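In what follows, a single structure is set out as structure tokens and then discussed.
The values are calculated or read from the model by the stated rules, or taken from the named source; none is laboratory data. Model, not experiment: these values are computed from the prediction. FYI the Cβ positions are ideal-geometry reconstructions off the backbone, even for glycines, and counts take in every protein chain you see. Ligands, DNA and RNA are stripped out before the accessible areas are found, and what is left, the full protein with its side chains, is counted by its heavy atoms. Shrake-Rupley method; radii C 1.70, N 1.55, O 1.52, S 1.80 Å.
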Amino acid sequence: MKTYSHWIDGAFQAPASNAWLDTFDPYHGEAWAKIPKGNAIDASAAVAAAKYAMRQGPWASMSATERGKTLRRIGDITLENIERLADLEVKDNGKLLAEMRGAIRNVAEIWYYYAGLADKIEGSVMPMEKAGIMGFTMREPIGVVLALTAWNAPLNFLALKCAPALAAGCSVVIKPSEFSSVSSLEFAALTKKAGLPDGVLNVVTGLGHDIGAPLVEHSDVAMVTFTGSDTTGAKVYAAAAQHMKRVTMELGGKSPNIIFADADLDLAVGGAISGIFGAAGQMCTAGSRLLVQNSIKGRFTDLLLAAARSVKVGDPMDPSTHMGPMSTAPQYQKVLDYIDIALSEGAKCLLGGKPASGPGIKGGQFIEPTVFTDVSNDMRIAQEEVFGPVLSIIGFEDEAEAIEIANTTLYGLAAGVWTGDVGRLFRVSKALDVGTVWGNTYRTYSYMMPFGGMKQSGIGRESGIEAVNEYLETKSLMVSIAETRPENNFVPR
Ligand code: NAD
């Protein structure tokens, strides 16, 4: 079993506590590596390295073009290590190997995308209301960025946060989830080979209250970018507010996937299935509320159940598997608890509803693809994030009712709209209080499209050009070019 150390200032460093945490393979439930149990001392060391790198190290004086080239090389080295990195992700979170290979390829593309943006961050020259003054804006990196990430897609989160932050000229300390830290540690070591200067990207590991909280409170951290649950997000937001730190928050969801009677139903079934059983439902964007127009609800449910029955649960390394295990033991228990809650609320279980067993299934963290009907939108199963393969079918009569149900949730991350009527597609998309709408598709991601939540699903945007702006400050500079003293020099403002 390999024992890892923190990655601080371009080198592996043992934790100050001299203590480690086991990390488990969700497929068989056995520990396969040890990660450092970090504390406030490690937090300070990582922030000090990041601060030095940004202020005095070679990163501080590197041209934007050179910064971009470095990010490009990180993309290259990611591609050279697809197999290794995909394997680490599967071991730590139980996602499908085939899917993880694609995910790592996408991670490389994210680095390439932001590499291209590094030298296109521009300020402006403003027209001024007074003669004799020229006004400019400069876009400057905000400072040391703290990234806190969830367990379900560690390298994707690392890239979505670190690539734009580094393109902006910031340095980063990242603390991945204690359930899946190994890939981030190994990835950080690869960035050194790609020529990233020491201290620009630091990875520390451990529990949220031991090391996450002191990092958030550290006075040299300028910004916190968080991906995780809304409960932890609220704590992090409150702590960051004490020091007026900027935050971006990528939180949970209870996304409606809306099927109108005029949709291509075969396509919509595929979208509904991948929207809830992809990644075993462990996606912030899971289409966990399936809103189906009453006139087709019976027929659509039959089609859906037929497709759901063919979802093969098993070994994530096996290319024929569609759905792997729950990534963590607590998550497995949480999903089972929600199944009980749904039953006690009166929802009718049409499929699954219990732990999965059978060929290719080891350990105890598998759950059957589960479908509930007779769900009303005020039930807990329709309002709270399950983060597992549990679908709730809710009927609706017309467009207005679909929109009403879809928006009646504290969340606002994503939604799917399936219809053959283009006007309706745009009308409904406009009316939904969510950050992303998928029209006649679901689970389509692009690093070029801004992504983020409305309402309790988050603050700010990742992906696209917008993401770089999150890591920049605008400085205004006004310079006198007058030959004589400007008239308004002594006018108080
Ligand atoms: P979590 O909130 O438990 O943990 C997230 C991170 O915060 C972890 O690194 C954790 O160690 C750290 N943390 C915990 N307590 C802390 C504290 N007091 N101070 C600082 N850091 C602390 O989330 P999770 O269970 O790892 O992830 C699942 C959640 O993430 C789900 O709710 C899911 O919807 C959400 N998620 C959102 C997105 C998105 O883009 N919107 C993407 C994936 C996952």
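Just a few scattered comments:
- Subset of region 301-317 (residues that are in a helix (DSSP H, G or I) and either buried (at least 22 other Cβ atoms within 10 Å of the Cβ) or outside the structural domain of E385 (by TED's automatic domain parsing) (or both)): L304, A308
- Scanning region 323-335 for residues that are closer than 25 Å to K348 by Cβ, of a type outside the set (V, I, T) and buried (at least 18 other Cβ atoms within 10 Å of the Cβ) gives M323, M326, Q331, Y332.
- All helices (runs of 4 or more DSSP H) inside region 339-442 with 2 or more residues being away from the ligand (no atom under 16 Å from the Cβ) and out of contact with any Asp or Glu (no Cβ under 9 Å at 6 or more places or on another chain): 399-407, 422-431
- Residues that are on the phi < 0 side of the Ramachandran plot, in a loop (DSSP other than H, G, I, E, B) and more than 9 Å from the ligand (Cβ to nearest atom), drawn from region 142-157: I142
- Subset tally (residues that are part of a loop (DSSP other than H, G, I, E, B) and in contact (Cβ under 8 Å) with a residue 12 or more places away in the chain) for region 94-131: 10
- If you go through region 218-239 and keep only what is hydrophobic (A, V, I, L, M, F, W, C) and farther than 22 Å from G143 by Cα, you end up with just A234.
- Within region 238-295, the set of residues being on the phi > 0 side of the Ramachandran plot and not in a loop (DSSP other than H, G, I, E, B) comprises A279, A280, G281.
- Lone qualifier among K235, K192 - being part of a helix (DSSP H, G or I), more than 25 Å from A382 (Cα to Cα) and among the charged types (D, E, K, R): K192
- Applying the set (1) within 14 Å of the chain's Cα centre (by Cα); (2) open to solvent by less than 20 Å² (accessible area, probe 1.4 Å); (3) not aromatic (F, W, Y) to V145 leaves exactly one unmet item: (1).
- Filter result (touching a residue at least 60 places away in the same chain (Cβ under 8 Å), in a helix (DSSP H, G or I) and crowded, with 20+ Cβ neighbours inside 10 Å) within region 56-76: W59, R67, G68, T70, L71, I74
- Considering only residues in region 354-408 that are in contact with a strand residue (DSSP E or B) (Cβ under 7 Å, 6 or more places away or on another chain) and among the aromatic types (F, W, Y), the one that is modelled with the lowest pLDDT turns out to be F366.
- Filter result for N18 (open to solvent by 10 Å² or more (accessible area, probe 1.4 Å) and outside any helix (DSSP H, G or I)): yes
- From G452, G435, G423, G460, residue being free of Cβ contacts under 8 Å to residues at least 40 places away in the same chain, open to solvent by less than 40 Å² (accessible area, probe 1.4 Å) and touching a strand residue (DSSP E or B) at 6+ places or on another chain (Cβ under 7 Å): G435
- Contacts under 8 angstrom Cβ, first residue in region 165-178 being among the polar types (S, T, N, Q), partner within 6 Å of the ligand (Cβ to nearest atom), 6 or more apart: S177/T149; S177/A150; S177/W151; S177/G228
- Qualifying residue in region 171-184 (condition: open to solvent by 10 Å² or more (accessible area, probe 1.4 Å), at negative phi and away from the ligand (no atom under 16 Å from the Cβ)): no
- Within region 195-217, tally of residues that are assigned to a loop (DSSP other than H, G, I, E, B) and either within 11 Å of the ligand (Cβ to nearest atom) or under 18 Å from the mean Cα position of the chain (by Cα) (or both): 4
- Region 224-268, residues that are crowded, with 21+ Cβ neighbours inside 10 Å and more than 14 Å from the ligand (Cβ to nearest atom): P256, N257, I258, I259, F260, A263, A268
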